[in-house]
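Inspection log for the structure reproduced underneath, given as structure tokens.
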Amino acid sequence: MTTVTNETAVTNEQAAARARAVIPGGVNSPVRAFASVGGTPLAITRAQGARVWDVEGNEYVDLVASWGPALVGHAHPEVVAAVQQAAAQGLSFGASTPAEAELAEVVIDRLTVNGVRGIDKLRLVSTGTEATMTAVRLARGVTGRDLIIKFAGHYHGHSDGLLADAGSGLATLAIPGSAGVPAPIAAQTLVLPYNDRDAVHAAFAAHAGKIAAIITEAAGANAGILAPEPGFNEFLVATAHAHGALVILDEVLTGFRVSTAGWWGLERTDGAIWRPDIVTFGKVIGGGMPLAGLGGRAEIMDQLAPLGPVYQAGTLSGNPLAVAAGIATLRLADAAVYERVDHAAAVVASSLSEALEDEGVEHVISHAGNLFSLAFRSGSITNYDEAREQEAWRYPAFFHAMREQGVSLPPSVFEAWFLTAAHDDAAIEHIVSALPAAARAAAE
Ligand code: PLP
């Protein structure tokens, strides 16, 4: 039998050195390199429930959760069984499967809140980057316009037009965008300060008839948490529509994580009737497998090939293993799961604040549903500039103190902390008991 081994390196340092020799920076996604916290990146070999293990056999309570997908915990037996069953039937067919329609039905059903359908149809792709890239192309195809509005600090993946002031790894590395993006492409993206209604009005006034869409994270979560001010998303939809433009609500991170119907589901509980034109999904929708999607009203979605003129395709789109993991995860993610995640997040966030308070460390915890993030500054944070104005230099000491006590945090202060339904009392207690020493380290 052929086995893929994780056991050849004995220490994290050896694993990192080996990887650096053959993989740029030793990583396949920049934030994994620990650039902003320093030290040796963890080489993970195994994950189960709320815990991960590195190549040295060290166990950590995990607050990364694969950057979001592991909502029901790592390697949930029902998700693993679903993937194993699918794998035994064949890894990929290059043809449609009944399971793809089942997943679309599950998603459409979950996005039906108070009798209002959030989306009519769903197209599956493999990554969040593809989902937003295709959503932008679709919005351009439908409107016949080129310009896109995005918000500073919002991350929508790494396609050319969406990298400007993008948060996530770019915030971590303090770089404004990417080399290799042609200026004429970057010029098609207008970057505005988040939560700034005047800036949105001004952009539509300055570029009348030219803006195809506003793309916005449903709740900003890639420059720390930047929650939308009450009514801001609804304002975006009303303003865009008044100018003949669309709104792409990026729920790649928030979708199925903050509620059964994502951030839109949370905002809809007040009876509001706003509806985005295109919604993008990723992360939880694939339960840890490469799967993402975009959905919207039928008349918009039917502009995609083969029905319409907007092209999108993928050899592995709707991959059967990924779809099986997504269906199993979403079927597990019932109201009780969200109650558990919400509870775990609330306890950890308030304990974090208490620990820092006790050490006199200035801080603010920003929340968006069960997502939260820490910033070393006072006051609330509403945009990217405010998120960056903080004593970020305190985070590496905090991060490493937690790591030494067996807690794996996101290796950047600009990332959200991800709790899962597998964070039981023991896992929560482990995190909480590690916080005072980390707060002391951050105070020094
Ligand atoms: N959109 C948002 C809001 C995200 O948080 C991310 C990834 O973190 C993406 C898009 C890109 O998704 P992926 O990393 O799957 O390409």
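Numerical summary
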read-out	value
Residue ID - surrounded by the fewest Cβ atoms within 10 Å (Cβ to Cβ), chosen from residues in the stretch 379-398 that are assigned to a helix (DSSP H, G or I) and in contact (Cβ under 8 Å) with a residue 60 or more places away in the chain	D385
Residue check for A261: surrounded by 20 or more Cβ atoms within 10 Å (Cβ to Cβ) and away from the ligand (no atom under 13 Å from the Cβ)	yes
Residue check for A43: outside the structural domain of A397 (by TED's automatic domain parsing) and small (G, A, S)	no
Lone unmet requirement of (1) part of a loop (DSSP other than H, G, I, E, B); (2) under 21 Å from the mean Cα position of the chain (by Cα); (3) modelled with pLDDT under 95 for A9	(2)
Residues of the stretch 57-69 satisfying the condition of being touching a strand residue (DSSP E or B) at 6+ places or on another chain (Cβ under 8 Å) and part of a loop (DSSP other than H, G, I, E, B)	L63, V64, P69
Residue ID - surrounded by the fewest Cβ atoms within 10 Å (Cβ to Cβ), chosen from residues in the stretch 100-119 that are of a type in the set (A, V, I, L, M) and in contact with a strand residue (DSSP E or B) (Cβ under 9 Å, 6 or more places away or on another chain)	I108
Residue match in the stretch 382-395 (condition: among the small types (G, A, S), out of contact with any Phe, Trp or Tyr (no Cβ under 9 Å at 6 or more places or on another chain) and more than 19 Å from R32 (Cα to Cα))	no
Where a residue in the stretch 275-287 is more than 16 Å from T129 (Cβ to Cβ) and of a type in the set (K, R) and its partner, wherever it lies, is more than 10 Å from the ligand (Cβ to nearest atom) and assigned to a strand (DSSP E or B), with Cβ under 7 Å and at least six apart	R275/V116
The stretch 220-242: number of residues that are within 21 Å of the chain's Cα centre (by Cα) and either closer than 13 Å to I149 by Cα or within 9 Å of the ligand (Cβ to nearest atom) (or both)	4
Hey, D54 closer than 21 Å to A426 by Cβ, in contact (Cβ under 8 Å) with a residue 60 or more places away in the chain and touching a strand residue (DSSP E or B) at 6+ places or on another chain (Cβ under 7 Å) or not	no
Restricting the stretch 328-378 to residues that are surrounded by fewer than 20 Cβ atoms within 10 Å (Cβ to Cβ), among the small types (G, A, S) and in a loop (DSSP other than H, G, I, E, B), the residue that is modelled with the highest pLDDT	G360
Single match in G231, G224 (criterion: crowded, with 24+ Cβ neighbours inside 10 Å and at positive phi)	G224
Qualifying position, being outside the structural domain of D342 (by TED's automatic domain parsing) and loosely packed, with under 12 Cβ neighbours inside 10 Å, among G38, G90, G68, G73	G90
Filter result for A19 (more than 16 Å from the ligand (Cβ to nearest atom) and either without any contact (Cβ under 8 Å) to a residue 40 or more places away in the chain or surrounded by 16 or more Cβ atoms within 10 Å (Cβ to Cβ) (or both))	yes
Selection status of L253, closer than 18 Å to A416 by Cβ, within 12 Å of the ligand (Cβ to nearest atom) and touching a Lys or Arg at 6+ places or on another chain (Cβ under 7 Å)	yes
A245 surrounded by 24 or more Cβ atoms within 10 Å (Cβ to Cβ), within 21 Å of H156 (Cβ to Cβ) and more than 16 Å from the ligand (Cβ to nearest atom)	yes
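Okay, residues lined up against (1) buried (at least 23 other Cβ atoms within 10 Å of the Cβ); (2) in the same structural domain as V106 (by TED's automatic domain parsing); (3) more than 11 Å from the ligand (Cβ to nearest atom):
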| position | (1), (2), (3) |
| --- | --- |
| K121 | no, yes, yes |
| T127 | no, yes, no |
| M133 | no, yes, no |
| A139 | yes, yes, yes |
| T143 | no, yes, yes |
| L147 | no, yes, yes |
| G157 | no, yes, no |
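The values are calculated or read from the model by the stated rules, or taken from the named source; none is laboratory data. From a predicted model like this one, the values you see are computed outputs, not experimental measurements. Here the Cβ is made from the backbone with ideal geometry for all residues, glycine too, and neighbour counts use every protein chain on show.
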